[in-house]
Structure formats: C-alpha cells, structure tokens
Amino acid sequence: MVFSSHLFLFYFLPSALLLYFVAPRRFRHLFLCALSYGFYGWANPLFVVLLLASTTVDYVCGRVITHNGFRNWSAPIDRPLDQGGVRSRAQKWAVAVSVITNLSLLGFFKYFNFATANYDAMVNALGLPGLQLDLAFRITLPLGISFYTFQSMSYTIDIYRGHARALRNAIDFACYVSMFPQLVAGPIIRFSEIDEQLRQRTHTLAKFARGVAFVGLGLAKKILLANPCGKVADVAFDAGSIGALDAWYGAVAYAFQIYFDFSAYSDMAIGLGLMLGFVFPKNFDSPYLAQSITEFWRRWHISLSAWLRDYLYIPLGGNRRGTGRTYVNLALVMLLGGLWHGAAWNFIVWGGIHGGLLALERMQGRDSLYRRLPRAIRVAFTFFLVLITWVFFRASDLPAALRYLGSMFGNASAQDAAPLLAGVIYQPYYVGTLLVSALIAWSAPQTWDWSRRIGYGKALIIAVLFLLSVTVLATQAYNPFIYFIF
C-alpha cells in the first residue's frame, strides 16, 4: 500500500485516524501497532513475521542491556545507563546479538540473490562450471527491510551507549519499529530521537494542521512532478542507444523524479507523524542547492547520512585516526551506503564515486579552487556530479549505466526511432513539468519551513494542490514509488 493511492488516502488513513483518536490513550499504541502491521502485511502477510522477529530480538536485547542480564526485569527503568560506564559481558553480548541478527536478516534477504549470482559468474569465468550453485529459487526482498532493521538496531545501540532508556512496554517498542508513516521508506527514526515522544506527547490542532499540509504538499510533489518526470526517465533509460541531448534530458528527468518522489514520501511520513502527535526529523533540505558533494550529503536523505555517520563512520574512527584513515573511512561508509541501497554493482559504483568525491573534497580542504568559484557555478558543478552518479543509480545494471553515459557524452549514435522518442519525451506537458521541477528544486522553500505557519492563503493553496493531485491520480496509470525496491 502506497501513500499516493486512493486506497490509502480515502480508506486506510481516515479509518486509522478515527481508531487512533477514539481509542483510550493507554491503548493508542496498541491500535497504532495493529494498524501498522496491517499496513505492512497488505502486500505480503509473511513480511509481518520477519518484522515481528526483528522487533522481538531487539526488545529482549534492550532489556538485557538495561538490567545487565535476565534478572531484575521488574525493576523500574528511570534513566539511561551512564554514558561513560563500563559495560558487562552480558550487555556486550546483547548489543552484539541485536546487531548481528539485524544485519543477518538484511544480508540474507537483500543480498542472497546477488551473492549467488556473482559466485556462479566467478566460478564459470574460472572454468569451473561444476561448482556453480544454479539455484532455481530466488529470495523475495521484504518491503522496507533496509529501513526498519537500521531503525530497530538503533534502539539497542542507543541504550548501550546511554543515549536513551529502554522501553518497559513491548507494545510501545513494537509501535516504534512498525509505525506505518515511516515503516517502509523512512525517514530512519533513531530511538533516541523519539524516546520521550513514545512515553508522552501532545496532540494539538496546530500540529495536526501542519501534518495535513505536509501530506497535501507531498502528494502534489509525487503526483504532479515526480510521476511525469519518471515517465520521461523510463522512456530515455529503456530506449537503448539514444542521442546525447535525449540522454541528458532523461538523466535530468530522473534527478527530479528521485528527489520529488523520495522527498514527497518523506514529507507525507512526517505529516502523518504530526497528525499522530509525533515530530519526526527533517529528511531533505534543498539538496540540489548544495555547493559541494559534502554539503549534498548534509541535505539529501539526512536521516540516512546521520545514521551512517553516528553508527558506522564514527565507530570506524571517523577523522580521529589520521588523514589516510579518514579517507578510507569515508570511502568505506559510502561503499556500504551504496550497497545498502541495492544489491547490484552499479549501486556499489555509485557509492564508491560519492565516497571518492567526499574524500577528495576533504583532501583539498578550504583552499581548493572549487570553493573559490562563484556560488552559482559551485551549485551547477555539484549538480553535474550528482547527475552523473544518478545514471548508475537508475540503470538496470552496470553495463547499462556505462552505455547510457556513453550516449550522454556522444559515444553512441541515436537509433532509428529517435524521432518517435523525441515525440514522446518533448511533449509540452513533460517539458513544462521539468521546468516547474527545476524552479521548485532551486528556488522554492522546503515544506518543513513553508508549513511552520499556515494561514488562510496557504490553506487554500494546499487544498487546491490536494484536489488537483487526487484528480490527476485518478487518471494516471503510472504511479510507481521507486524507494520500495531498496
């Protein structure tokens, strides 16, 4: 079930809000948890079993860390552990079990097919076809597993570090992990960010109204901008050999599609959280205004960037172990970030390029020529670099990405059907959508800032955009959500 569907907007969401607010306060997390499991199991009920298993392991491990074993479970949980305190063997084992369990689940379901395919290709290349596995079955990737394993894992790590206190009630923890607004595509909500809100939060009309604004504007970004841009990108990337201009046009369309598609989902998730009384962190901050790749990652998918920094980059040593180690850590984190997005070589290359660029920018420091350029040129050059890397992200595989880049730089001739292709992607509707997308990406305020105060004028704009989006949604046959595959 996706947010940008009539089923969710007119059936699930109204029912969920009604049940949530009608329920007694002490049962709201139970109702929200049940609704979230229903939401998650809509595509495949078996996915719920995996979610429940991950939740159970981390809840138990969190309690073991808090109580230093299985004794004293009835003792109150008044405060977090001392941040500088020494941890016992039981506590170390508990956090290790949590991390290993979550990474094992993620690794098996996300990378089993990739690993077996590459193993078969390797032994075949070595002339040992008899060692191939040739497995007939394939593992289905559960929706959102990349997000909720990171989120659930942060619970035990935050408790172990003394950044948050454990939840005594298992339903409260299950609600945190499974909450439907951010379950399948984030933002990645770390437990320390929402710890106190799970214990006590306020429900106000202003918070609910701002949530409605987030949902309305997110839906508009998805339906009115991301979907048309995605149609252009699909036609261009699926066309095979195309001309340079068409290839650049398709790459730009994909850059707008992934930004408006993913930021729209984040907006709607934040808005739904506000309607339920939760304040989730900001996840996008005009990333195409970034003046460097380093700044881009401070603006793009902020919750993932912060997670990788705090739970991977800093534990690896960050920038505290010398210059060379810093570059290695940056490259390694981004390689793993690429692999987190998808089990394919093109995602690894995408992460590797970003890691290399981050290391290069740190190496150059403040005295680099790049930093001395005018702001507009820095923004344009950063977008150019991001655009090149998006080709690896969008292409079906690594050879397809290299062929598309060849078309962009004039190393491939246009096919005979090029005039037909142009007749599709250069329609006034699509060209106009890309121009509006560019205007919004580089000049419009973020939903987070624009929705702080909502008067009658803004309320009217939101209502008009929502009605227009719903009307267009009823006529659109093309309505994918690209982050469901990650």
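Values quoted throughout were computed directly from the atomic coordinates according to the rules given, and no laboratory measurement underlies them. Small disclaimer: the values here were computed from a predicted structure and weren't measured. Backbone-built Cβ (ideal geometry, glycine too); neighbour counts: all protein chains shown.
In the chain, taking the dipole from charged Cβ atoms about the Cα centre, the farthest positive-side position among Phe280, Thr294, Gln91 is held by Gln91. Positive end of the dipole of the chain, charges at C-beta (+1 Lys, Arg; -1 Asp, Glu), about the Cα centre: which of Gly218, Gln476, Gln132 has its Cα farthest in that direction? Going by the Cα projections, it comes out as Gly218.
Think of each Lys and Arg Cβ as +1 and each Asp and Glu Cβ as -1; about the Cα centre, that makes the dipole of region 66-129 roughly 260 debye. Per-residue ellipticity at 222 nm, computed for the chain from helices alone with -39500 (n - 2.57) per DSSP H run of at least four residues, works out to -21000 deg cm²/dmol. If I take all pairs of Cα atoms in region 210-304, what percentage of them are more than 20 Å from each other? Every Cα pair in region 210-304 considered, those over 20 Å come to 46 percent. Across region 21-139, Cα-Cα pairs more than 17 Å apart make up 73 percent of the total. Taken as Cα centroids, region 126-164 and region 314-348 sit 18 Å apart, rounded to the nearest whole angstrom.
Charged side chains reduced to their Cβ positions (Lys and Arg at +1, Asp and Glu at -1) give region 207-485 a dipole of some 1140 debye around its Cα centre.
Computed from the Cβ-Cβ distance with R0 of 30 Å, the FRET efficiency linking Ser5 to Ala34 stands at 0.90. Each Lys and Arg adds +1 at its Cβ and each Asp and Glu adds -1 at its Cβ; summed about the Cα centre, the chain shows a dipole of about 1720 debye. Think of region 34-114 as having a plus end and a minus end, set by charges on the Cβ of Lys, Arg, Asp and Glu; of Tyr40, Pro80, Ala53, Pro80 sits farthest toward the positive end of this dipole. Hey, which of these cross-link pairs are over 19 Å Cα-Cα: Lys221/Lys282; Lys207/Lys282; Lys231/Lys458? As for pairs spanning more than 19 Å Cα to Cα, those are Lys231/Lys458.
Separation of region 187-219 and region 87-121, taken as the distance between their Cα centroids, equals 31 angstrom.
Distance between the modelled labels on Leu19 and Gln446, one decimal in nanometres: 3.3 nm (7 Å Cα→Cβ projection). The stretch between Arg298 and Thr475, if pulled fully straight at 0.36 nm per residue, gains 60.1 nm over its current Cα-Cα span.
Fully extending the segment from Arg201 to Lys92 would add 36.1 nm, taking 0.36 nm per residue of separation and subtracting the current Cα-Cα distance. Across region 3-11, coupling constants 3J(HN,Hα) worked out from phi with the 6.51/-1.76/1.60 Karplus curve, θ = phi - 60°, read 4, 8, 9, 5, 4, 6, 5, 10, 10 Hz, and Gly and Pro carry x.
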